[in-house]
Amino acid sequence: MTHKPLVLSGMQPTNTLHLGNYLGALKNWVKLQNEMPCLFCVVDMHAITTDAGYGKPEELAQATREVTAAYIAGGVDAHRTPIFNQGQVPEHGELAWVLNCVARLGWMDRMTQFKEKSGKHKERASVGLYTYPVLMAADILVYKATHVPVGEDQKQHLELARDIAQKFNNDFGVPDFFPQPEPVITGTATRVMSLRDGTKKMSKSDESDLSRINLTDDADSIVGKIRRAKTDPNPLPDSKEGLAGRPEAENLLNIYAALADQERDAVIAQFAGQQFSGFKHALADLTVAKLEPMAKEMRRLLADPGEIDRILKSGARKARDIATPVMDEVKKRVGFIA
C-alpha cells in the first residue's frame, strides 16, 4: 500500500506562543500547506499532562483559542487546512489506549523528555506525562500521517511512533496498515534561543518575559526586548567561523535571517564589522514589521471567540472524517465487537 502524503503537527495551548514557535514551526507550516495536505491541531490533551494545563479549565480553553488565533494569523488557511483541538476528536484517545498496549515499558523508559520534565520527583508526575509519547504516536497514526514537522526535542518521540506502527502492523498481520511517518526538518531557525542566554532554547516556561518575544507583544515591547537582548562586546563577525563561542550573536543573526528569508551568510556579510547597537535596531524594525500585523490579527480573532470555536468544530469534523474509518479498522483488527 502506498500512503497518500499527509502532514500532521500541533502545539500545546500552554502559555503564550513566541517567536520560536513561529520561526521553528508555524512559518514552515504555512509553506507546507502549499506542498501537500496538512492537519494542524491544538494538542489540549497533551496540555493536561502537567500542572501547567491540568485543573485550569478556563485557562486551557482560552489558551486553545489563542493558539488557534496564532495559527490563522500566522498564515494557516483554515478553509483548506483543518485546524482543530484534540479534545474534539475522540479517536485520538481511543487509538492511544490501543497503542499503550502495543508499546513496551522498556521503550517508554528510554524517553528522555519524561526524565527532563518530571525532574527529581518523577513519582509525582502524572501517568499521562509518562505515556505522552504514545498519545503523540496516536495523533499521527490515527490519520495515517506520512510527514511530521519536528524539532530536535521531538525526534525520539517520532522514532517511537515508527516503532509502534511497525509493531502493530507485525502483530496484527497488516504489513502496511500504518505508515512509517517521516520527520520534516525545517528551516534555519528551527531552534530559536533565549534572548537572555544563547545556550538555552526560547521557552514559554522561562520565568523571564525578556527571554522571549511573544506573538502578542506590541511594537514597543518587541523593540525593548531586542534592545536588551544579551550580546557580547565584539563587533559582528565577517564569517560564520567568527560565531564560534558566541551563542547570542549567532542566535540574533539566525533570527534576522529567518525573518528576512535570507541565508545566514548573506546576513553576516550585510552586517559584518558593525556594532550590535546598529544591528539590533535593524532586527527590531524587521521583527516589528513581521509580527505586528500578526498580533493585530490575533486580537481581532480573539475578540470573537465564537468564530474561533466554529473554526475548531469545523476542523474537528474534517479530522474525524479521516480518523473514524482508521479507528474502525483498528477495532476490527484488534477484535473489538462494534
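The values are calculated or read from the model by the stated rules, or taken from the named source; none is laboratory data. Keep in mind the model is a prediction, meaning the values are calculated, not measured. For neighbour counting, all protein chains shown are included, and Cβ atoms are generated from backbone atoms with ideal geometry for every residue, glycine included.
Summary of computed values
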item	result
Qualifying residue in the range 49-61 (condition: charged (D, E, K, R), under 20 Å from Leu141 (Cβ atoms) and in the same structural domain as Met136 (by TED's automatic domain parsing))	no
Candidates Asp232, Asp217 - the one that is crowded, with 20+ Cβ neighbours inside 10 Å and charged (D, E, K, R)	Asp217
Residue, farthest from the chain's Cα centre (by Cα), within the range 1-41, restricted to residues that are in a helix (DSSP H, G or I) and of a type in the set (Lys, Arg)	Lys31
Residues within the range 151-183 that are of a type in the set (Val, Ile, Thr) and either surrounded by 18 or more Cβ atoms within 10 Å (Cβ to Cβ) or not assigned by TED's automatic domain parsing to the domain that holds Val326 (or both), tallied	1
Only listed residue being of a type in the set (D, E, K, R), farther than 26 Å from Pro90 by Cβ and over 23 Å from the mean Cα position of the chain (by Cα), chosen from Asp261, Asp285, Asp328	Asp285
Pairs where the first residue, in the range 38-50, is free of Cβ contacts under 8 Å to residues at least 40 places away in the same chain and the second is assigned to a loop (DSSP other than H, G, I, E, B) and small (Gly, Ala, Ser), C-beta under 6 Å, 6+ apart	Ala47/Gly53
Residue in the range 319-338 that is among the β-branched types (Val, Ile, Thr) and at pLDDT below 95 present	yes
